[in-house]
Structure formats: structure tokens, C-alpha cells
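Right, one structure below, let's go through it.
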Amino acid sequence: MQTITTDNWLLTVGTFLPLVGVLVLIFIPKGEEQLIKTLGIVTAGATLAVGIFTMFRFDFGQAEKLQFFVDVTWIEVIRSNYTIGLDGISLPLYLLSMVITFLVMIYTWDNMPDAGNPKAFYILMLLLQVGMAGTFIAQDLILFFVFFELVLLPMYFMIGVWGGEDRRYASLKFFLYTMFGSALMLVAFLALFFQTGAESFGFAQLIEAGAGIDRNVQIWIFAGMFIGFAVKVPMFPFHTWLPDAHTQAPTQGSVILAAILLKLGTYGFVRIAIPMLPEGAKAWAPVIAILAVIGIIYGALCCLAQTDMKRLIAFSSVAHMGFVMLGIATLTEFGINAALFGMIAHGWITGMLFFVAGAVKHRYHTLEIKRLSGLLTQVPRLGWILGLCAMASLGLPGLAGFWGEFPVILSAYNPGFGLSEPLFRTLMVIAALGTVLAAAYLLWLYQRTAFGEPTEEFAGRTTHAVGAAVAPDHADDHHDAHHDEELRDVTVTEWIAWTPLLIAIVVFGVYPQLMFRVFDPAVTELVARLGESLNP
Amino acid sequence: MIAAIVAQLGEWTAPVIDWHALAPELILVVGINLVLFIDLNIGEARKWAMATLTGFVLLAAFVPVVTLAVIGDASREMFDGRYVVDHYALILKAIFLLVAYVVVLMSQNELEEGGYYQGEFYVLMLCSVLGMVMMASSRDLVSIFVALELLSIPAYMMAAWRKRDVRSNEAGVKYYLLGVFASAVLLYGMSFLYGTTGSTKLVEIGEVLASGDLIAMQVVAIAFVIAGLAFKVSAVPFHSWAPDTYEGAPTPVTAFFSVASKAAGFVALMSLIFLAFPTATGVYQPLIWVLAVLTMTVGNVMALRQTNIVRMLAYSSVSQGGFILMPLAVAGTGDASQSAVRAVIVYLLIYAFMNLGAFAVVIAVSRKTRSGEITSFGGLFGYAPGMAAVMTIFMASLAGIPPLGGWIAKFNVFKTVIDAGSGAAYALAVIAAVNTVIAAAYYMRVLRQVWMMPAPDGDITPLATPAPVTAALGITAIGTLVLGVLPGLVLRFGDLQDLTGALGR
């Protein structure tokens, strides 16, 4: 793998800058909430600025090469180095993590979850950011593993402290599932290292040496990695932590989880499991594809059965990640490109959907679909945004979601490297049915929540509904206390936090080439290298 | 008969003594007498000075360890190679002295406020540390046994230190009876070893065992020696004393047992395996494999059910012992033998930091809550965020989450085991991986209390942590963090050659 080392301080600064913010925040008294929030946002903004600068310095003409490459000795005895670099596959994800963290922090400005304590909350978000960005730049298995695990604890606390009613159960479930996956993954990493007899844990060496391992051994090692990454994605049948975690997490946690944390798993497949173990990948591809399609259909059916808006969006993530995994499992340039696009698009769209769900919850104090109705009449702008995101999520052409789904389905028609065509074509048909189901559950969700008149419970809240509007028989209503509140449409903070995502959904939907252009060289090289070892 | 002895006296020549190499032990001996003497001659009001004095003795003993490490490139052998000061011994001595120092920091207020016998306590503790420091250098069955008894017998008394507390008495008696029993088993095995090989020197035993097939008595001997030491490291099924002793003993003493005594047991085990039994892989490997699997699994499953924090930490320490045993289970297979010593030593060092830290938090918090229940940690994040943060560091480190020290310890162990590459090794690695997850469940349960639950009695006055405990927390927390990010600092220690190379093996 060729590397470019100009400006190689950029990635280190971009990744660890949030730690500076953490150190500063630790010494600020808890009471200074405005100052804490400002500092958090400034740190995330500065990090994003470094990220954007990185993007301008990135040589798109050589996107297949690792740029800003650093390789310094870290733990000599175990032959692990501080090796970092960025190529076309990781650049968009690296930037996505920075953008999302920044926007989530802005959103938190006046949407602090009920448990309070912005100091701890902002510190955790900054720590998460370090882990997420680090995972995308790591070019050494051990370094990757450290960053991969670094996100665990902050997210555990974010769900467990600031989450909903079942937060303790959900956070522990999230933690143990992921831990289980990564423990086996670590065993697989070590097995890979010793089986190849590589000089170091660097990706480049392992990719070169991995293909030489005996096929059966590759299959076993791939199994270990598969469990680790599949739990994170999450793929059916390892997905059960996801609905709980998403539903219970605070809005900020859900957005970060959906937009970035899930991508760590799919990224792991593309970056580590498949290139390092080509034979293993080929043997596992049908299994992955079948599980992916089961995930698509199962996720969609679960969505149809949900009564809670947030839970529905969570299950839709299972379905969408199914498309991503199907694309990866085809082992074709086309499929992997589409899968990568799907990862980014899902990050924007589902992130936005969770934002909207959070906004609805904030206003109505419920997410139960049957109690919500007529968003378009009460909070029209929010209603329209929900509409746009739902359309994008179901894969309407012209919006970003389309480019993560349609090409994946197409790519399954012609899987690479002699994978069974009948199987993949059958899966293609089933996956296509999945898009129909997706349209069904999203449109149905939209119809039930946005159309029609507001339910009796919330009727009349846009107008100045003081005291008199409340019927006596509502006296025992749990949410009575909130009845006097005036419903507000999208606030300024929300506009600031959401507009970049909405613009991205539309722009990249209309002109996806902007993104494919970045991925493609790196993906081409990846598939070419697969070809060398699979068809010698 | 006397005439015969007198006749032999003529042939006796004084052994060459390397005073520099023996300096840590000698300083400790002087220190023990000093503490004892001063304690007898000062008034009750000034007994607090004993802790300070003990701390200084330990630091003083640390100085020659450092100078030896800086100067010494070759190992220093004494008494015909039966007492050796090499890199392996030095790093272990450093660990023991460091642990003892932190334990002194943790004990000071506990003893003062409990009105315990401070002077005697520190004397006994120094004796025990002396035994440990000797253990690191012992290369002979006799000196190993002497060191073991020297470190154990004061420990029996320390366990029963709260003499008006029935549970503390129970702790002491249980520890004593089972400990003595274990010593007997160990001694029995050693006698067989001596009988069949004709030597008490580990290296010579190793040579005889390597020269031919093992006879049945030698197999029994190895099994007995390992079983006897398994008591010391509280490996399942020889662990039953640990939870009761740990719960009953004063908390700083428990911390001392769970880290230092256990480490000493592992040191003896390592010296024996690598010097005396290196060729008997067929005997000790399966034995330790089973011990490791049982220890980590049973320890974890029992820890899951505990509601008392000290009992939970006791079982957690049993389970961590299983992880430390892992590399020894493959110590004779392929490349793993090279890294097994390092894996154990690094684990012992990092484990010392994080486990002592966890106990220090327990001491600090229970000073306020007067309770040992895990639920008493509720609300800590609210009223003592700093303490909550360090507890998070220790628990997450014990669970093995990067980038904290515990992770690098576990990683090394896994690396060694997978390096062995045999089927049994892979099976062990997978079992250990599953165990890591089980362990995470109970460590996270503590963190759940700390972060997510309200204070059980609604009492949210801040903690008043005494300065020595704060110092102990600082040392352990920084150690845990730094070793996780820069493990290279300690990973240089514990090369196999440090132990065996000097002896020409």
C-alpha cells in the first residue's frame, strides 16, 4: 500500500484535539453551564475545522493511497506501532464523525437531557469523538482495537445516565454485547498476527501476509472477526441490543450511535476482515449476504409492528445496515462503493430521524405513534423535515438514501469471485421487496404522525392554550403539567444543527458522484487486491 | 558425634556475600527491628509515626533495588546459585515494595481510627514483605519454602487484626488452617522432588528431570507442589478461604493479600516451572490449564452473585488469578515460553495498581457510608465526581477496557496463549474471552451504582478522604492510566532470559 506523508501532523491533531477540550473542561466548575457548553462546542468546532482543512489538503487524485501517513513505534515489545493514515474509504467517515459530534453538541445547547450535568455530558461526547475519529485513521490492528473500544464506556454512561426509563438495562446490554464481540475479535486479531508471522500489526503487512494463510484457518479467523464486527453493525441475529440502546439513549446518544458507532462495524469489514482474509471473506460472503437480507426483511417487519417512533427508527437501522452488508458481501467494486455510500447516507438520514424524534419527544413528551397526529398542522416545519427524512430513508431517488440502496440491489445481480449467482439473485429480489416494506413502514409512520388533525390530547396547544382549554376529564392525564406549554416549531438551535445534514441529504442525493469519486479509487484497489489472491 | 561436627567445621568456609545485592533484604531487617524498638518506646499519642517510618523503610529498601537495576547487567549469584539477584528478581522486588508502600498509605487512617495496634501491624507487614522480597530471589526449594512461610505467618495474624470482630477472627483462623495445610502439601511434594532428584536446587532438579522419563513419584511431586502453591494464589478449587478471609480482614490487609501474597505465590510457581520443571510440560501444562479455566470461570460466576463489594473484589481477584495462570498453562509450548514470564510479570504489576486502587476507593467511600454493600456506592458520581472517575478507571481497567492498564495485561496474556498455537491454547483463549465478558458484567454493575443510582440514604455530603488515601489513589490511578497508554514502560521487564539465561539454560 502506497503512502503519502505530507502534512502528517494533521490526523494526530484532528483526533486528539478533543482531549485538550476534556482537560480544560475538567477544571471548570460544574455550575458554569454556559461556559462548559461553549467550550465543548468550540472544541468540537475546532476539531471539525482541522478535519475540513484535512479534506482540502487531501489529494483526491490519489485517494487510493494512505495520506498524512505516520508510522511511529508505540509498543515495541508487542510490535504494535502508532500507524495512522487516511484514504478515500476512511476520509468521509472521519469527517462524518466530526460533523455529527459538532452538530450534536450544538443541539445540546438548549436540549440538555433531563439528568443535567452538561460538564460530564460534554466530556463524554468529546471522548467519544476521539474514539470514533481514531478508529477511522488507525492503520494498526492494536491501535484500531484501542480506539474501537474507547467508545464503549462513554456510550455506556451516556445511555445509562441520561437515557430513558429502562436505561440501566439497555446500557448494560449494549456494553456486554459489544464486549463479547470484541473479546473474540481480539483473539482473532492475535491469531491472524501469529498465523501470518507478520513483522507488525500494521494493516499493510497483514493484508500482504494474510492471503497466504491456509483457507480453513482463514475461515476460523474470519469467524472471530465476524462476530466482533457483526455485533457492532449490528447484523441479524446479533442486533437485539440495538433497539433497546436506541430507544433508551438520549437523542444525542441515538444520533451518535446511529450515525457513527454502527459504522465502526461495517468499516471493520471493509478495512480489516475482507482485505486481510480474502479466502475467509469469500467463504463467509454467502452467510453474510443471507443474514443481511434476513436483517432487511426482519427489520422492516419489526418496524411495521412498532408503536414507538424511536423504536421504529431503530429497527429501520437494522434494515438499512442489512443493505450495507449485502453490498459488502458481493465483494464487487460496485457493491462496496454503494455500501460505503449507504453508510454515510444512513448516518445523515437516520441521525436526522433521531433528531426529529428527539424534537417530537421534547414537545409532546411522548413518542407513541397513536398519540401523535397532525404534526404538519401543529409544527409544520418539523413535520416537513420529518417528511423529507422519511422519504430519504425509504430510498427516494434524488435523495441520499437512494444511492445506498439501489446500487446495492443491482450489485447483488453479479456477485464477484464466483460467488453463487442464483443465491445472490434470489437475495436481490428479496432485498428489493425490502425496499417496498421500507416505503410501507416509513410512509405509514409519516401518515399516522404528520397527517390529519392533532389528537384530542394535544389539540389546541399551538394557540395560547391556557387553563381554559383543558377539559376537566383530562385532569388525571399524566402529561397534564405540560398542557400549558406552547408548542414551538423548529427552534434556531435546531435549525443550526440540522441544516447541514438536510443540505447534505439533498446535495449528495442529486449529485452522488461527489462521494463516489472519493471512495472509488480505494475500493478499486481493494477489490483488485482481492482478485490477486482469489484468482491468481 | 560432636567430634564429627567439629571435624567438619574445619572444612567450612564462609560463603561470599554480595552486600549490595542483599541490601534490600538487609534494610528491611533493620527496619523491622527499628519499627519494633521505636514502637515500644513511644507514647500512644505518637504511634501514627510508625506508618511514616514504615513508609521510609520501604522507600529505603527501594533504593538498592534501583541502583542494582541501573548497574547490574549480569545477575548476582550467592550461596551456590541458590539465591540470585537478577532482573527478574529486581522487578518483582520493586513490585512488592511498591505494593507494600501503597498499602501503608491505605492502612494509616484505618488503623489509627480503629484503635488497632499500629506498631505491631507494621512490623508484621514488613516481615511479610521481607518474605516476598526473598521469594523473588529464591532458587532453591528450601529458600522458597522459608520465604513462603515468612510471608504467610505474619499474614495469618494480619487477617485476624480486628480481634474483637468475630468475622476477622474467622478470617484469620480459616486462612491459617488452610494455609498450613497447603504448606504441608507443598512440603510433601518438595520432599518427593528432593528424594527423586537428590537436590534442592531448582536448576539441578530441572537437569535431573530433563535427563530421562519422569517416574511416577516425580509426577506426584510436581502435582503436589503446584497444588500447594495453588492455595497461595487462591486458584479454584483451592480458593475457598479467599472470600471469607478477604471479607473478614481489615480492608487494607485484604488489599495486601489480594495483590502481594498472591503475587508471591505466582513468583514461586514461575521459578519452579521455568527452572525446575521446564521439561515436564506434559505434567504441569494440563494441570495449570484446568486450574486456569476453573479459576477464572468459577471466580467470575461467584463474583456475579455478590452484593458486598469486598466479597465481589475477592472473587474478582480469584478470577484475575485465573488469567494470570493462563500463560503458565502454555509455558512450554512453542514460542509462548518466551513471552510467558513477561505476560505474568506485567499482569502482576498492572493488577497491583488497579486492584489496590479499587480497594483504596472502597476504603475512602466506606469511611463515609459505613457499609460494604455495592449499593452503598449509589450517587457517588453526584457527590464525589472525582472519586467516581477514579473508580471508573479501576473498574474499567479490571474489566480490560483499553486504553487502561488492565487491557494491556490481558492483551499480553492472550498474545502469549495464542502464540503457543496449539488447540488447547486456542480453546483456553476463547474460554478466557468469554470470561472477560462475564467479568465486565459485575465490574459494570459497580459503575452502574456509581453513575446511575441515587445515594441509598440520600446522604450527599462530600467525601472526606484522608491525604494518605488520596496519595494511594493518585499513585494507582496514574499507574493504571499511564501503563495503558505507554505499556512500553514495563513491557521491557521480564524477558525469559532474565530468569533462565543467567543460569546457562
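If you build the Cα gyration tensor of the stretch B:280-498 and take the root of 5 times each eigenvalue, what three semi-axes come out, in whole angstrom, biggest first? It would help to have the intermediate numbers written out before the result.
On the way: eigenvalues 229, 68, 30 Å².
For the stretch B:280-498, the semi-axes come out at 34, 18, 12 Å.
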Stretchable slack from A:R448 to A:N216, in nm (0.36 nm times residue separation minus alpha-carbon distance): 78.4 nm
Rounded to whole Hz, the Karplus (6.51, -1.76, 1.60) HN-Hα couplings of the stretch B:273-285, x for glycine and proline: 5, 7, 9, 9, 10, x, 8, 8, 4, x, 8, 7, 5
Extension gain from A:K361 to A:Y413, taking 0.36 nm per residue of separation minus the Cα-Cα distance: 14.6 nm
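Counting chymotrypsin sites (Phe, Trp or Tyr not before Pro) as exposed when in a DSSP loop with at most 16 other beta carbons within 10 Å, what is the longest stretch of chain A free of them? Numbers along the way, then the final one.
Details: sites that count: A:W9, A:F27, A:Y413, A:F451.
The reported range is A:28-412.
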Gap separating the Cα centres of the stretch A:155-192 and the stretch B:184-218, nearest whole Å: 48 Å
Candidate lysines - alpha carbon under 29 Å from B:K410, same-chain residues fewer than 8 apart omitted: A:K173, A:K232, A:K263, B:K93, B:K232, B:K262
Distant-in-sequence amide H partners of A:F69 (H built 1.01 Å from N, under 5 Å): A:I4, A:T5, A:T6
HN-Hα J in Hz across the stretch A:337-345 - Karplus 6.51, -1.76, 1.60, θ = phi - 60°, x for Gly and Pro: 4, 5, 4, 5, 4, x, 4, 5, 4
Sites matching trypsin sites (Lys or Arg not before Pro) across the stretch B:118-195 that sit in DSSP coil, with at most 13 neighbouring C-beta atoms within 10 Å: B:K163, B:R164
Cα-Cα P(r), the stretch A:75-188, percent of pairs per 5 Å interval: 2, 11, 17, 20, 20, 15, 9, 5, 2, 0
B:I5 paired with A:E199, simple spin-label distance in nm, labels 7 Å along Cα-to-beta-carbon: 6.7 nm
Inter-label distance for B:D335 and A:V436, nm, one decimal - labels placed 7 Å from Cα along Cα-to-Cβ: 5.5 nm
Equivalent ellipsoid, the stretch A:149-245 (semi-axes from 5 times Cα gyration tensor eigenvalues, Å): 33, 14, 8
Cα centroid separation - the stretch A:408-453 against the stretch A:1-50, whole Å: 40 Å
Rounded, prolate or oblate (a/c below 1.5 giving rounded, otherwise prolate when a/b exceeds b/c) for chain B by Cα gyration tensor: oblate
Cross-link partners of B:K163 among aspartates and glutamates (Cα-Cα below 17 Å; sequence separation of 8 or more within a chain): B:E110, B:E112, B:E113, B:E120, B:D244, B:E247
Interchain or long-range residues, amide H under 5 Å from B:D140's placed H: B:L202
Hits among lysines - C-alpha to C-alpha of A:K370 under 24 Å, sequence gap 8 or more where chains match: A:K310, A:K361
Förster-model FRET efficiency, 41 Å R0, A:F16 and A:T455, C-beta, rounded to 0.05: 0.25
Rg/Rh ratio calculated on Cα atoms of the protein assembly as shown (Kirkwood radius): 1.02
Residue order, fewest to most beta carbons within 10 Å, for B:D244, B:D80, A:D87: B:D80, B:D244, A:D87
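May I ask you to derive the FRET efficiency for B:D213 and B:Y426 from their Cβ-Cβ distance with R0 = 22 Å, giving the value to the nearest 0.05? Please list the in-between numbers first.
Values: r = 29 Å, r/R0 = 1.30.
That gives a FRET efficiency of 0.15.
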Whole-Hz ³J(HN,Hα) from phi, Karplus 6.51 cos²θ - 1.76 cosθ + 1.60, for the stretch A:62-76, glycine and proline x: 10, 5, 7, 8, 7, 10, 6, 6, 10, 9, 10, 5, 10, 10, 4
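Evaluate the relative contact order of chain B (contact order divided by residue number), counting alpha-carbon pairs under 8 angstrom at least 6 apart; express in whole percent.
On the way: 845 pairs, mean separation 74.1, N = 505.
For chain B, the relative contact order is 15 percent.
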B:S199 paired with B:A389, simple spin-label distance in nm, labels 7 Å along Cα-to-beta-carbon: 5.6 nm
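Values in this text are rule-based calculations from the coordinates and carry no lab data. None of the values given here were measured: they were computed from a predicted structure. Cβ sites come from the backbone with ideal geometry, for glycine too, and all protein chains shown count toward neighbours.
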